[in-house]
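Read-outs throughout are calculated quantities, based only on the coordinates presented, and are distinct from any laboratory measurement. Please read these numbers as outputs of a predicted model, since none were measured by experiment. Here Cβ is always computed from backbone atoms with ideal geometry, including for glycine, and neighbour counts include all displayed protein chains.
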Amino acid sequence: TLGGVVETCTTSRKELRMSTADGWHTYEWIYTPLRGPHSRPQLVALMCTNIDYQKHLEKEVVREKGLSAAILSAQSTFVIGFEENGRVEFVNRAWEGVSGYSEEEMTDGGGFRMLVPKEHRGEVDDYLSSMSRGVGPVKRLVVPLLTKGGEEKIFSDRKSVE
């Protein structure tokens, strides 16, 4: 196979079934010629993919996307996505209904901090920063949030991000 790739200067693909510690798997081997300063390839890159495992991962991704879509569209669950620096990345429709702010206002405006009364900002910042560091919050967070109309709503986080 290597000789053929070097000779023809074309990529070659092969599937092989191999026994591994956890059973038989199908692997795809890709041989690609790498051109140097000369017209003939001097090196051949070899890439190998476990096709069975890749199919398993693709199924898991589809399943997770479905679960995420269900959570994001649920009217009884509100979701706020944060970047590591605390900036709001996205909010779902339920959150827009609770707060009165659109996703655009949350992501482009003051973000989550504009909802938190000044006297609770330190507590909320500590709570969110502990989650971004992967440290579970010590206590449950219960703070009032201000809606776009100025109404106070109580926010209680029951689950931390993992």
Assuming R0 = 45 Å, can you tell me the calculated FRET efficiency for the pair ARG93 and ILE51, based on Cβ-Cβ distance, to the nearest 0.05?
0.70
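Output the direction-averaged projected area (hull surface divided by four) of the convex hull of the alpha-carbon atoms of the range 13-83, in nm².
Working: hull surface 37.9 nm².
About 9.5 nm², averaged over all directions.
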With a Förster radius of 45 Å, plug the Cβ-Cβ distance of HIS38 and GLU58 into 1/(1 + (r/R0)^6) and report the FRET value to the nearest 0.05.
0.70
Just subtract the alpha-carbon distance of ALA70 and LYS118 from 0.36 nm times their residue separation and send over the number in nm, one decimal.
13.9 nm
Distance in nm between label sites at GLU103 and ASP22, each 7 Å beyond Cα in the beta-carbon direction?
3.4
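Compute the length gained on full extension between SER12 and ASP126: take 0.36 nm times their separation in residues and subtract their Cα-Cα distance, giving the result in nm to one decimal.
Fully extending the segment from SER12 to ASP126 adds 35.6 nm.
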